[in-house]
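> Have a look at the structure that comes next, please.
The values are calculated or read from the model by the stated rules, or taken from the named source; none is laboratory data. Being a predicted model, the structure only gives us computed values, none of them experimental. Here Cβ is always computed from backbone atoms with ideal geometry, including for glycine, and neighbour counts include all displayed protein chains.
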Amino acid sequence: MSHTQIAVVVGSLRRDSFNRKLASAMAKLAPADFSFQQVQIGNLPLYNQDDDAIQSDQVKQLKSEIAASHGLLFVTPEYNRSIPCVLKNAIDHASRPYGQNAWAGKPAGVMGASIGAIGTSMAQQHLRNILAYLDVPTMGQPEAFIHAKEGLFDADGSIGAASKKFLQAWMDRYVAWVKIFAPKSA
């Protein structure tokens, strides 16, 4: 595989989202033959099984971007001890109709940032359960429950010095994971 395309799913719509910033900063830690594209999930209609036969253009676009990727990176906040509804909505849309699961077989990494000390651990656990059902081989270790605090990001949006060693090791492991499991052609 000469170039590896990663579909990045950020579970936050907030303009100044820590998780969107984390996703962008993590892409800078990847090797040059990896590229990261954040997919749009905020414009999807609410999932309704009645619409499976005639999916909206936004859903078709999401499914197309996932299909074109070699791997997935989920970066999500935690809302009420679980994943945000916008993320669940995107997951449901791209896994339907039954038998047309765009996520299946795509290797994934899961991480998230929060101002709370346990940094999205419950959301990540719930997301891992969903991904297991959807046949998404998800990297188990290292886990990345990122405490969003002063110094996490440098002025240019890169990962700050205090977290760089850990997050670079996470990215290195993720790259190896994708190379093991990624489909040979997306």
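> For residue 16, all conditions in the list (1) in contact (Cβ under 8 Å) with a residue 12 or more places away in the chain; (2) closer than 27 Å to residue 119 by Cα; (3) of a type outside the set (A, V, I, L, M) hold save one; what is the number of the exception?
(1) is the only condition that residue 16 fails.
> I need the full set of residues from region 125-151 which are on the phi > 0 side of the Ramachandran plot and either modelled with pLDDT under 95 or in a helix (DSSP H, G or I) (or both), in order please.
Of everything in region 125-151, just one residue is on the phi > 0 side of the Ramachandran plot and either modelled with pLDDT under 95 or in a helix (DSSP H, G or I) (or both), namely 151.
> Given the criteria assigned to a strand (DSSP E or B) and either among the charged types (D, E, K, R) or at negative phi (or both), does residue 86 qualify?
When the stated conditions are applied, residue 86 does not pass them.
> Could you list all residues from region 22-39 that are without any contact (Cβ under 8 Å) to a residue 40 or more places away in the chain and of a type in the set (D, E, K, R)?
33 - this is the single residue of region 22-39 that is without any contact (Cβ under 8 Å) to a residue 40 or more places away in the chain and of a type in the set (D, E, K, R).
> For region 41-55, what are the residues that are surrounded by fewer than 15 Cβ atoms within 10 Å (Cβ to Cβ) and over 22 Å from the mean Cα position of the chain (by Cα)?
48, 49, 50, 52, 53, 54
> When region 130-176 is examined, which residues are found to be touching a helix residue (DSSP H, G or I) at 6+ places or on another chain (Cβ under 7 Å) and among the polar types (S, T, N, Q)?
Those that are touching a helix residue (DSSP H, G or I) at 6+ places or on another chain (Cβ under 7 Å) and among the polar types (S, T, N, Q): 138, 158.
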